[in-house]
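Take a look at the structure below.
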Amino acid sequence: MKEEEGRKRYKEVEDLPGVGPATTEKLKAMGFSTVESLAIATIRELVATGIGEKQAAKMINEARDSITLTFLRADELLKMRENVARLTTGSKVLDELLGGGLETQTITEFYGEYGSGKSQICHQLCVNVQLPIDRGGLEASALYIDTENTLRPERIVQMATHLGLDPQKTVRNIIYAEAYNSDHQILLLEKADAKIKENNIRLIIVDSLTGHFRSEYLGRETLAERQQKINKHMHRLIRLAQAFNAVAVVTNQVMAKPDAFFGEKVEAVGGHIVGHTSHTRIFLRKASGGRVRIGRLVSSPYLPEGERVFKITEDGVEDVAEGE
Ligand code: ADP
Ligand code: MG
């Protein structure tokens, strides 16, 4: 604990006043392993771990004071926004469409049909996040939650080599977790905060967000539960992204008609899959010819819609050269 400008700063959960080993254990079991995660927890979440309401409130307040996360005024929100950093996709035109790259503190969703390039972009981002700031990176590591056994280290090596990065080092800086089912997927994210902190992770990927849910929640009567679980999962993700100033990326496979997946039935049980304002959605599709792709910004909190053409080659995600 450090005193700074009269403010107490707690480094670990167990440093917080009144938090003993038993409480620490309870919290860690529920995925609250860091002061940052407590600062963004709700009283209800902590009560669910078996902690009293008063103590929960006190802990959250202490944690918040400790890491300056109590943003109540617009000027303070603005300050948080000033910390937003950008991560390059590898394509200048796509970055441009996104206002300079993928933002930290928000979720970016790539959706499209099978083979549209969602996982390839995820691979590329894992490499790019390791680049120096002046090359569009965040000088940080990546967490890849993989639900479809998609991550190919060989592909990372290819992309890293092309960018002049040490391929072995690049692979080492990607923390990989395979999710076996939707509950496991949720749990992985709930327990991710210590890993994120330890490894300087600034990119969190869930590829795919919805695959397990789609195959496990089949009947109409399960839609509400599915929706609720996905919502909670996404809220956890956005909180991690905010707490660690990280980029969060999810992918979503869709059938021929892109908006059909979130069609009426799902709409009816609780609106859009994530009603969060800071959610950016990009629809990917193949253009004619093998490697050209089209990315369309479908929704953004403040950017206009638009489309850009890029390509996926041996080297990774790139701009299409003039006359190509
Ligand atoms: P999805 O949207 O289903 O996740 P992927 O991101 O896996 O799709 O995209 C797969 C496509 O990416 C392949 O069909 C191919 O066009 C392209 N691709 C994958 N690996 C390479 C590579 N090494 N070189 C060139 N293109 C590749
Ligand atoms: Mg994929």
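Within region 211-227, the set of residues being in contact with a helix residue (DSSP H, G or I) (Cβ under 7 Å, 6 or more places away or on another chain) and polar (S, T, N, Q) comprises Q227 only. Among the conditions (1) open to solvent by less than 60 Å² (accessible area, probe 1.4 Å); (2) within 22 Å of T313 (Cβ to Cβ); (3) within 16 Å of ligand 1 (Cβ to nearest atom), L97 misses just one, which is (3).
For the condition more than 19 Å from A194 (Cβ to Cβ) and either assigned by TED's automatic domain parsing to the domain that holds I282 or open to solvent by 50 Å² or more (accessible area, probe 1.4 Å) (or both), what is the one hit in A57, A85, A22?
Checking each option against the conditions leaves just A85.
When A287 is tested against (1) more than 16 Å from ligand 2 (Cβ to nearest atom); (2) modelled with pLDDT under 85; (3) within 20 Å of Q120 (Cβ to Cβ), exactly one condition is not met: (2).
Inspection of region 127-142 identifies no residue that is within 13 Å of ligand 2 (Cβ to nearest atom) and closer than 30 Å to S215 by Cβ. With the condition kept exactly as written, say whether any residue in region 160-168 is within 27 Å of E36 (Cα to Cα) and within 16 Å of ligand 1 (Cβ to nearest atom). No, there is no match, as no residue in region 160-168 is within 27 Å of E36 (Cα to Cα) and within 16 Å of ligand 1 (Cβ to nearest atom). Among residues of region 205-220 being away from ligand 2 (no atom under 16 Å from the Cβ) and in a loop (DSSP other than H, G, I, E, B), the one that is surrounded by the most Cβ atoms within 10 Å (Cβ to Cβ) is Y217. The residue that is most open to solvent (accessible area, probe 1.4 Å), among those in region 100-125 that are within 16 Å of ligand 2 (Cβ to nearest atom) and of a type in the set (D, E, K, R), is E113.
For every residue, the table says whether it meets (1) assigned by TED's automatic domain parsing to the domain that holds Q120; (2) more than 23 Å from A246 (Cα to Cα); (3) surrounded by fewer than 22 Cβ atoms within 10 Å (Cβ to Cβ).
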position: A177; (1), (2), (3): yes, no, yes
position: N181; (1), (2), (3): yes, yes, yes
position: L203; (1), (2), (3): yes, no, no
position: R226; (1), (2), (3): yes, yes, yes
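Using the structure shown, decide if V317 is within 14 Å of ligand 1 (Cβ to nearest atom) and at pLDDT 95 or above. Spelling it out, V317 is indeed within 14 Å of ligand 1 (Cβ to nearest atom) and at pLDDT 95 or above.
Pairing each residue of region 145-156 that is crowded, with 19+ Cβ neighbours inside 10 Å with any residue that is in a loop (DSSP other than H, G, I, E, B) and not polar (S, T, N, Q), provided the two are 6+ apart or on different chains, yields C-beta distances under 6 Å for I145/A179; T147/A179. Against the numbered list (1) assigned to a helix (DSSP H, G or I); (2) among the hydrophobic types (A, V, I, L, M, F, W, C); (3) modelled with pLDDT of 90 or more, L223 comes up short only at (3).
The values are calculated or read from the model by the stated rules, or taken from the named source; none is laboratory data. Predicted model, so just to flag it, every value in this text is computed and none were measured. Neighbour counts run over all protein chains shown; Cβ positions are idealised from the backbone, glycine included. Remember, those area values only see protein heavy atoms, side chains included, never the ligands or the DNA or RNA. Shrake-Rupley method; radii C 1.70, N 1.55, O 1.52, S 1.80 Å.
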